[in-house]
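**Q** What follows is a structure written as structure tokens; I'll ask about it next.
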Amino acid sequence: MFNNKLLIKKIITIFIGTIILNYINFSFAQDLTSSEEKILPNMVLFDENQKQINLISYFQKYNHKAIILNFWATWCLPCIDELPSLNKLAKKLNQYQVKIIAVSMDRGNEQNLIKFLKEKGGDNLLFLQDKKWSAGKLLNIKGLPETFVLIKKNNDYKVIYRHLGPLEWHSEEIKNKMIKLIEKNKT
């Protein structure tokens, strides 16, 4: 009986701690400011067919004005919560030649991850996978979700913005700030 009470107290403490951390994460994650511009490192991700995709080659091939890379995982609740919002932003930014790529940090089967992504509201997001966290290490990811805005500038591909934590990406304010950020930095 004593062990059950102790277990229940631990579960309640963990639950309350999780709620507090999520609240803090959401409270401080609403700021949208640009970061120091950095050259995009050469990185390889995997597509839905386990084919290696060099991100710079992808950028060159499809000639998007910008790419928004969102690193997420199935076990990350704030990541899952923001997928529908990113999906709505993807619809809004499509006309501006901006592509949003959802980069899964999970090691699981890519088809199951794509199914999960679509079930959680990410059907307009392009799926790529970083099975070994190699891209995450190159970008020095601090946590999940983490989002990067990439553009071509002076024949280089650059990270012009990074954001740690979830956002309400589909809000008009965020959409307009993203468009201004991209327009300001284009060549």
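All of the numbers you see were taken from the coordinates with simple rules; none came from a lab. In this text, all values refer to a predicted model and were calculated from it rather than measured experimentally. No Cβ is skipped: glycine too gets one built from the backbone with ideal geometry, and neighbour counts run over all protein chains shown.
**Q** Of Leu126, Pro78, Ile174, which is farthest towards the positive pole of the chain's charge dipole, taken about the Cα centre with +1 and -1 on the beta-carbons of Lys, Arg and Asp, Glu respectively?
**A** Leu126
**Q** Same structure again: Can you name the helices of the chain, as whole DSSP H runs, whose Cα span along the helix axis is 30 Å or more and whose Kyte-Doolittle mean is not below -0.5?
**A** Flagged H segments are 2-28.
**Q** Please give the net charge around Asp81, taking every other residue with its beta carbon less than 12 angstrom from that of Asp81, where Lys and Arg add +1 and Asp and Glu add -1.
**A** Charge balance in the 12 Å sphere: -1.
**Q** Looking at segment 31-185, what % of its DSSP beta bridges pair antiparallel, to the nearest 5? Could the numbers behind the result be given before it?
**A** Working: 20 of 31 bridges.
Taking every DSSP beta bridge with both residues in segment 31-185, the antiparallel ones total about 65 percent.
**Q** How large is log10 I(q)/I(0) at q = 0.08, 0.11, 0.14, 0.19 Å⁻¹ when the Debye formula is applied to the Cα atoms of the chain, each weighted equally and without solvent?
**A** Rounded to two decimals, the profile gives -0.27, -0.50, -0.77, -1.37.
**Q** Rounding to the nearest 20 debye, state how big the charge dipole of the chain is about its Cα centre with +1 on each Lys and Arg Cβ and -1 on each Asp and Glu Cβ. Mind dumping the intermediate values first?
**A** Working: 28 positive and 18 negative charges, 42 e Å.
With only Lys, Arg, Asp and Glu charged at Cβ, the dipole is about 200 debye.
**Q** Once you have a ≥ b ≥ c as the square roots of the Cα gyration tensor eigenvalues for segment 141-187, tell me rounded if a/c is under 1.5, and otherwise prolate or oblate according to whether a/b is larger than b/c.
**A** Numbers: a/c = 4.03, a/b = 1.27, b/c = 3.17.
Cα axes put segment 141-187 in the oblate bin.
**Q** Convert each backbone phi in segment 146-153 into a coupling constant with the Karplus relation 6.51 cos²θ - 1.76 cosθ + 1.60 (shift: θ = phi - 60°), then list the ³J(HN,Hα) values in order as whole Hz, x for Gly and Pro.
**A** Residue by residue, segment 146-153 yields 9, 10, 10, 10, 10, 9, 8, 8 Hz.
**Q** Provide the net charge surrounding Ser171, with neighbours chosen by a C-beta distance below 11 Å and charges set as Lys +1, Arg +1, Asp -1, Glu -1.
**A** With Lys, Arg at +1 and Asp, Glu at -1, the neighbours total +1.
**Q** Once you have the Cα-Cα distance between Lys131 and Glu168, take 0.36 nm times their residue separation minus that, and quote the gain in nm to one decimal.
**A** Details: separation 37, 0.36 × 37 = 13.32 nm, distance 2.66 nm.
Stretched fully, the Lys131-Glu168 segment lengthens by 10.7 nm.
**Q** Also, quick follow-up: Divide by every residue of the chain the summed helix terms, -39500 (n - 2.57) for each DSSP H run of at least 4, and state the resulting mean residue ellipticity at 222 nm, rounded to the nearest 500 deg cm²/dmol.
**A** Numbers: 6 runs with 81 residues, N = 187.
That calculation yields -14000 deg cm²/dmol at 222 nm.
**Q** Stretch Gln52-Ile11 to full length: gain in nm at 0.36 nm per residue minus the Cα-Cα span?
**A** Contour length minus the Cα-Cα distance gives 10.6 nm.
**Q** Let me ask something additional. Considering only Glu146, Glu110, Glu172, give the residue with the highest GNM mean-square fluctuation for the chain, with springs between Cα atoms whenever their separation is below 10 Å.
**A** Glu172
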